[in-house]
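The values are calculated or read from the model by the stated rules, or taken from the named source; none is laboratory data. Just so we're clear, the structure is a prediction, and the values are computed from it rather than from any experiment. Here the Cβ positions follow ideal geometry from the backbone for every residue, glycine too, while neighbour counts run over all protein chains shown. Note: areas computed on protein heavy atoms with side chains; ligands, DNA, RNA excluded. Shrake-Rupley method; radii C 1.70, N 1.55, O 1.52, S 1.80 Å.
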Amino acid sequence: MRAIWKGAVSFGLVSIGVKVYSATEEKDIRFHQVHREDGGRIRYKRTCSVCGEEVTYDDIAKGYDIGGGEMVILTDEDFAELPLTTSHAIDVLEFVPAEQVDPILYNKAYFLEPEGSATKPYVLLRDALSDSERVAIVKVALRQREQLATLRVREGVLLLNTMLWPDEIRQPDFGFLDEDLKVRPPELAMASSLIDSMAGEFEPDAFTDDYRAALQEVIDAKIEGREVVQPEEEEAAPAAAVDLMAALKASVERARAARGEAPEGGAGEPTPISAARSAQKAAKATKAPAKKAAEKKAAAKKAPAKKAAEKKAEPAKKTAAKKTPAKKAPAKKAAEKKAAPRKTA
C-alpha cells in the first residue's frame with residue numbers, strides 16, 4: 001500500500017506521527033471509451049467556451065458560479081492562504097460511545113500506521129481506546145477540505161473513518177409519512193416472526209458480487225476467443241402481495257423450511273407451501289390402502305399352498321415318531337438285564 005497522507009494525531013499534549021493509507025478499494029471493472037471501428041481511445045480537449053481555444057492545466061483556475069452568468073475566480077494563491085493546506089494534524093476532540101454515531105455519517109475509511117519513533121504512543125492510544133469501548137471524534141484536513149472523522153481500533157490498527165457533516169445528510173420528505181397508517185398487532189407479530197426465522201450471524205465473505213463475476217467471465221471469454229456460457233436464469237420475483245398476512249405466513253414457512261425446521265404450531269391457515277405438502281401427504285395416504293390390499297391378496301394366495309405343505313409333512317413326522325421307539329426298545333431291555341446284579345445261592 002502507498003501512503004496518501006502524513007501527519008500527526010494530537011492526543012492532549014501527545015503527538016503521534018502517522019501515515020494514512022486507504023483502507024478500502026473498489027473492485028468495479030473499469031472501461032475506456034473507444035472508437036467502435038478501430039478501438040482507438042477517445043480523447044477530450046479542454047477548450048474555453050468563450051474564445052474556443054484549447055487550455056493547458058497551468059491556465060485552469062477554479063470558478064464559483066454566483067448566478068446570472070457571473071463567476072468568481074479563485075487562484076492557487078487564494079487557496080494557499082487557507083490554514084488547511086499546511087495543516088497535517090488529526091485533532092482529537094472528544095471520546096463518545098460508538099453507538100451514538102449514526103452509520104449514515106460514515107464516508108471513507110483509512111488505516112493509520114505509526115511513523116518513526118511514534119510506535120509506543122500509537123500503541124498506548126490504541127489500547128486505551130479499546131479499553132474505553134469508545135471512539136474518538138477528530139477533525140482532519142484531507143484533500144484541501146476539513147472533515148469530521150472517528151478513530152477506532154480494527155484488528156490492532158487505528159482506523160480513521162471520515163464522516164459527512166450533519167448538513168450534508170438529506171432529510172426524507174415523503175408523502176406516506178403524513179398518512180395515518182395503522183399496523184394490526186397480528187401483522188406486526190407475523191412480521192417479527194419472519195425476522196426471527198431469517199435471523200443469523202453476519203459473515204461478509206458469504207456474499208459475492210455476481211454481476212461483476214459474470215462481467216469478468218464475458219471479458220475472459222472475449223480474450224480467449226471462446227463462447228460465453230450464459231448463467232442460469234433466476235426465478236422471477238413474486239408479484240406484490242394482495243393479502244399481507246398470507247404473504248407473511250408463506251414467507252415464514254419458506255424460511256423455516258430452508259432451515260429444515262418444522263412449521264410453528266403444526267397447523268394453521270394453508271399457505272402455498274403447506275398446501276403443496278398436504279397434497280403430497282394425501283397422495284401417499286391414497287397409495288397406502290392399495291398397497292396393503294395387494295399385500296393381503298398376495299398373502300392369501302400363498303396361504304393354501306403353505307397349509308397343504310404343512311399337512312403333507314405332518315403324517316411323515318408322526319410315522320417317524322412311532323417307528324423310532326419300537327427299534328430302540330429291545331436294545332434298551334437287553335442292556336438293563338445285563339446291568340442287573342446276579343443273585344447268589
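Summarising the amide proton neighbourhood of V138: residues at separation of 5 or more, or on other chains, whose placed amide H is nearer than 5 Å comprise L93, A149, T150, L151.
Surface composition of segment 71-222: carbon and sulfur make up 55 percent of the accessible area, probe 1.4 Å.
Give, in nm to one decimal, the length gained when the segment between R2 and R154 is fully stretched (0.36 nm per residue of separation minus the Cα-Cα distance). Mind dumping the intermediate values first?
On the way: separation 152, 0.36 × 152 = 54.72 nm, distance 1.92 nm.
In short, 52.8 nm is gained.
Summarising the amide proton neighbourhood of L158: residues at separation of 5 or more, or on other chains, whose placed amide H is nearer than 5 Å comprise L112. With θ taken as phi - 60° and the Karplus curve 6.51 cos²θ - 1.76 cosθ + 1.60 applied, the whole-hertz 3J(HN,Hα) list for segment 151-156 is 10, 9, 9, 9, 6, x Hz, x standing for glycine and proline.
Sorting 246-256, 34-44, 191-201, 157-167 by their mean Cβ neighbour count within 10 Å, with the most densely packed peptide first, gives 246-256, 157-167, 191-201, 34-44.
A 1.4 Å probe, protein heavy atoms only, puts the accessible area of F207 near 140 Å². Based on protein heavy atoms only, segment 1-120 ends up with 82 Å² per residue of surface accessible to a 1.4 Å probe. Rolling a 1.4 Å probe across all protein chains gives D131 an accessible area of roughly 130 Å². What the phi angles of segment 162-173 give under the Karplus curve with 6.51, -1.76 and 1.60, with θ = phi - 60°, is a coupling list of 5, 10, 7, 6, x, 6, 8, 8, 6, 8, x, 9 Hz, glycine and proline written as x.
Between I90 and A8, V9, S10, the built amide H atoms are under 5 Å apart, and every one of these is 5 or more places off in sequence or on another chain.
Once you list every other residue whose beta carbon is under 15 Å from the beta carbon of A128, what net charge do they have if Lys and Arg are +1 and Asp and Glu are -1? Mind dumping the intermediate values first?
Working: positive: K120, R126, R134, R152; negative: E94, D127, D131, E133.
Charge balance near A128 sits at 0.
Packing here is the average count of other Cβ atoms within 10 Å per residue, and on that basis the peptides 208-221, 142-155, highest first, run 142-155, 208-221. Could you give each residue of segment 106-117 its phi-based ³J(HN,Hα) in whole Hz, using Karplus coefficients 6.51, -1.76, 1.60 with θ = phi - 60°, and x for Gly or Pro? Once rounded to whole Hz, the list reads 5, 10, 10, 10, 9, 8, 10, 10, x, 10, x, 8. Leaving out same-chain residues fewer than 8 places away, which aspartates and glutamates sit with a Cα under 20 Å from that of K19? Answer for K19, where 20 Å is the Cα cut-off: D91, E113, E115, D127, E146, E155, listed by chain and number.
Hey, what D do you get for segment 180-227 in µm²/s if you plug the Kirkwood alpha-carbon radius into Stokes-Einstein at 10 °C and 1.306 mPa s?
On the way: Rh = 15.1 Å.
Approximately 105 µm²/s, per Stokes-Einstein.
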